[in-house]
Structure formats: structure tokens, C-alpha cells
Amino acid sequence: MRQTAPVNGNLIGILGGVILSTDSVFIRLMAIEDSWLIVVLRGVFMWALVALVWLFWPASRSTLGVPWITRKNALSTLFFCIASACFVNALNRGSIATVLVIISSTPFVSAIISRCFFGIRMDKTLMLAALAGMAGVAVVMSGHPAGRDPLANYFALATAISMALAFIFASKVETGTVGLPSLGGILASCCAVMFSGGHVLQGLPALAGEQWRWVALEGAVIMPLAMGLIALSTRFVSPVNAGLFLLLETALAPLWIALFLHENPAPQALAGGAIIVLAVVSQTWWIKRQPGQA
């Protein structure tokens, strides 16, 4: 049973990463200019689904966790909240390919934070891969695609840091973790409404029926399922490994974007992405070669 746990965790995380790779397409299809309104709506839909499942399917509660903030899940909820807000702002303001490459640095950020602030010993190859990955992020952030807000890159970097911390603290939650990203989503919604004095809601009457459909699909299906699965994987694999599942979004999302939205990645995104992918592949290959790591 112990030997199959990492396998199960990887399969759960991979499925979550594949589903998550479609998220950026839905955000663009919403065609909502106010990023904070998207934060509010997706958070409400995410939490509403988890709350309904928790209420009407008691057997799921051990996996979902409670749909409210407790002392044990407060830190993971806080960082999922920050990640949710920053992620939407990054995608809505910048080049999707560039943003996703920066966010793909999450496992490397997680490794560095775990080593520096939590004293968790890391394999030297992982730390070298982390440093190489951050170098790739620096390359990506050196480019500013025409017509895009340069703040998008910084929102993306904040997302990577927040996601890394969210996974670290989620791995320390003993009860269910699937509902943590949705709990962070509703917290982000509440904060956006409070800090804007309610002005963020003024755009609601202008939304068309088609926009509501994209919001509902992304918020109530894609995000709770994808992020819930990745959060669940932290019960079986390390937070660093969980962060690696986000690389699936980096690899697959530009394909969906190119196919459906005809947006091509910037040269810096391609170069930085190549560095990050090479770092991950090299580190994984090295670990696989070590005795007992088959």
C-alpha cells in the first residue's frame, strides 16, 4: 500500500494538471475585462460546488475537508486565495504562454522555500534544477509582448510563490484537502468585493448569457476539479512533486490557445520554457537512475 501511494498521487496530480491546462482558454473566452470580477465569480462558483457536495454527499467529507476556514487550513487557504487572485490577473493582462511558463516555476520555488524556511533537506540535483528553473523564469520575464501589461509577469510570479506555499501548507493538513483551493477562491472573492467597496460588482448586469456559461463552467467544474485533484495529490507526494503537475498546464495550454484563440508565444517564453522543461526532465532522469528509485 505504501509503495502504491506515490503512484496514486502522481496519477491524481497528472489528471488535475491536464484538466487545469484548459483553464486559460475559458478565462479568455469569458471576455470579461475586469480581472477582479472574474476572481469574484469563479471563487463563488468554486466554493458553491464544494459546499453543495459536502452538504449532500457526506461520504465525500473526509476527502473534501470542511468548506470553512479553520485554524488548521487557514494558511493553505490564504495562499490559495492569493494565487487565485494573481492567476486571473496574470492571464487577463498578459500573454498566456509567458504567464504559464513563469507559473511553471512553482515546483522550484517550493523546493527553495522548503529548504530555506522549513529546513527540509532536498536532493542536490533538485536544488540545481530549481536554480536552473528560476533562471528560465528570469529569461521569460525579460520579454514584454507588445500590447500586454508588463504587470502580468509579476502577477504570474506571485502566483508561483503563492501556489508553492499553498501546496506546502496543504500537505500539513491532516483532513481532506480537495476543497482547499475552492475555499481560497471564495476568500479571494470576499476580499475583492470588500477592498473595492462593492464597485467590482457593477459589471454584473453587463454580462451576456454566453459569458455566464463560460464563467459557470470554469468556476464550478474546471477549477474545483483540477485544483482539488492537485491538492489531494499532496497527501501522497511531496509539495515539490505536486508543483510539477502544473507543468502540464505550461505544456498543453499554449496548444489549446493556439488552436482556439490563435495566440502565439513570445520568443522569450519559448526560450525560458525550454530551460525549465530541460531542468525538470534532467532532474527526473537523474532520480530515476538512482538505486531504488525505479
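For this structure, a couple of remarks:
- FRET efficiency for the Leu131 to Ala274 pair, using the beta carbon distance and R₀ = 22 Å, is estimated at 0.85.
- Cβ-Cβ FRET estimate between Glu174 and Arg213, R0 fixed at 35 Å, reported to 0.05: 0.40
- Length gained when the stretch Phe260-Leu151 is fully extended (0.36 nm per residue, less Cα-Cα span): 36.8 nm
- Solvent exposure of the range 19-114, expressed per residue, is 36 Å² of accessible area, with all protein chains present and a 1.4 angstrom probe.
- Counting only protein heavy atoms and a probe of 1.4 Å, the accessible surface of the range 1-85 is 73% carbon and sulfur.
- Residue-span extension gain [Ser62 to Ile120] - 0.36 nm each, minus C-alpha spacing: 18.1 nm
The values are calculated or read from the model by the stated rules, or taken from the named source; none is laboratory data. Values in this document were obtained by computation on a predicted structure and should not be read as measured data. So basically every Cβ, Gly included, is an ideal-geometry build from the backbone, and we count neighbours across all protein chains shown. Areas reflect the complete protein model, heavy atoms only, side chains present, ligands, DNA and RNA absent. Shrake-Rupley method; radii C 1.70, N 1.55, O 1.52, S 1.80 Å.
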